[in-house]
1. Say whether the condition of being touching a helix residue (DSSP H, G or I) at 6+ places or on another chain (Cβ under 8 Å), more than 27 Å from residue 282 (Cβ to Cβ) and surrounded by fewer than 22 Cβ atoms within 10 Å (Cβ to Cβ) is met by at least one residue in the stretch 186-196.
2. Which is surrounded by 14 or more Cβ atoms within 10 Å (Cβ to Cβ) and in contact with a strand residue (DSSP E or B) (Cβ under 9 Å, 6 or more places away or on another chain), of 158, 125, 132?
3. All but one of (1) under 19 Å from residue 78 (Cβ atoms); (2) touching a strand residue (DSSP E or B) at 6+ places or on another chain (Cβ under 8 Å) hold for residue 46, so report the exception by its number.
4. Since residue 56 meets every condition but one in (1) surrounded by fewer than 20 Cβ atoms within 10 Å (Cβ to Cβ); (2) in a strand (DSSP E or B); (3) within 16 Å of the ligand (Cβ to nearest atom), which condition does it not meet?
5. Can you confirm whether residue 41 is more than 9 Å from the ligand (Cβ to nearest atom) and surrounded by fewer than 23 Cβ atoms within 10 Å (Cβ to Cβ)?
6. Residue check, residue 75 against (1) loosely packed, with under 14 Cβ neighbours inside 10 Å; (2) under 23 Å from the mean Cα position of the chain (by Cα), all met but one. Which one?
7. Conditions: (1) touching a strand residue (DSSP E or B) at 6+ places or on another chain (Cβ under 9 Å); (2) within 16 Å of the ligand (Cβ to nearest atom); (3) farther than 15 Å from residue 158 by Cβ. Residue 16 meets all but one. Number of the miss?
8. Quick check on residue 204: is it more than 16 Å from the ligand (Cβ to nearest atom) and farther than 26 Å from residue 11 by Cα?
Ligand code: ATP
């Protein structure tokens, strides 16, 4: 099936006149996995709650195929939800939790049993079916929550930071589990996270929010390789954001200087000679070299295959590096810049 399953048109939610989410317009294809990504307070949960029907919209509309949804109460939207805190019924067994939505729909007993068994198998919890949630690990509880959400074959699954209560190892395992389930069931999914790695690894498309405003909508590759502005770049791991002035512009090649050292990068947006720019560079693209920008290592952190380091230039600019070179505080260094992106400086940034 093709065509947008879900359409958000100018979805806006204000609290006391302040827009927690402003004008979100998005078409979600059937089977697509969308991640809403952004720092704390950017409006992710507000967007999810608007979709779920837990918050009325201040403006805008939501459509499922050609059915208007935003006027329906949550229980009539037919969505599955998975929350950060699992929200399982503590007095019901794993099986009881998973079967709950099917019972509410008053399905025949045999069908409830068969679909619950299938969901238990899907999240690999057959052996734990009779246990209570309190007898399960965090990862197992989250698998129950996921099974409970998908067992009703929802038209949309909403997930709000489902992995944030798990430890690092389990989080990785569950990430793979969610990906596997999505590939297997093909359920349209909207997933909220502040973790860019999680979003990049799970989603077909990402929506990056900042202060309630959409900054960029794109595939993981697009966001990773070409963030639309310095805020998205910052969020996508371009830890070095350096302010300077464009000297030359030739096509998308921009020449500029950092502390007198000539460098080049690719323009993103309208960069003009003589105008202020923000240069975004990933830590791994500031590489120790024969000549380049002189600096002195301030902090060096061993991270297995490579090192993360911070270095200070003569003018006190703090650079973030990631390199396989062994560095120690106090080491003098020159670094060359690769794959820099050059953005026009915004007025107030
Ligand atoms: P987090 O990752 O911390 O959960 P978030 O991106 O999900 O953050 P939201 O919870 O959507 O952010 O909040 C967006 C903004 O709206 C914040 O500034 C928040 O203070 C505000 N906000 C959210 N809910 C309410 C409310 N019920 N009343 C007033 N303001 C609210």
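The values are calculated or read from the model by the stated rules, or taken from the named source; none is laboratory data. Fair warning: this is a prediction, and the values are worked out from it, not measured in the lab. Because the Cβ atoms are built from the backbone with ideal geometry, glycine has one as well, and the counts that use them run over all protein chains shown.
1. Within the stretch 186-196, one or more residues are touching a helix residue (DSSP H, G or I) at 6+ places or on another chain (Cβ under 8 Å), more than 27 Å from residue 282 (Cβ to Cβ) and surrounded by fewer than 22 Cβ atoms within 10 Å (Cβ to Cβ).
2. Exactly one residue qualifies, and that residue is 158.
3. (1)
4. (2)
5. For residue 41, the condition - more than 9 Å from the ligand (Cβ to nearest atom) and surrounded by fewer than 23 Cβ atoms within 10 Å (Cβ to Cβ) - is not met.
6. All conditions pass for residue 75, except number (2).
7. (1)
8. Working: more than 16 Å from the ligand (Cβ to nearest atom): yes; farther than 26 Å from residue 11 by Cα: no.
Spelling it out, it is not the case that residue 204 is more than 16 Å from the ligand (Cβ to nearest atom) and farther than 26 Å from residue 11 by Cα.
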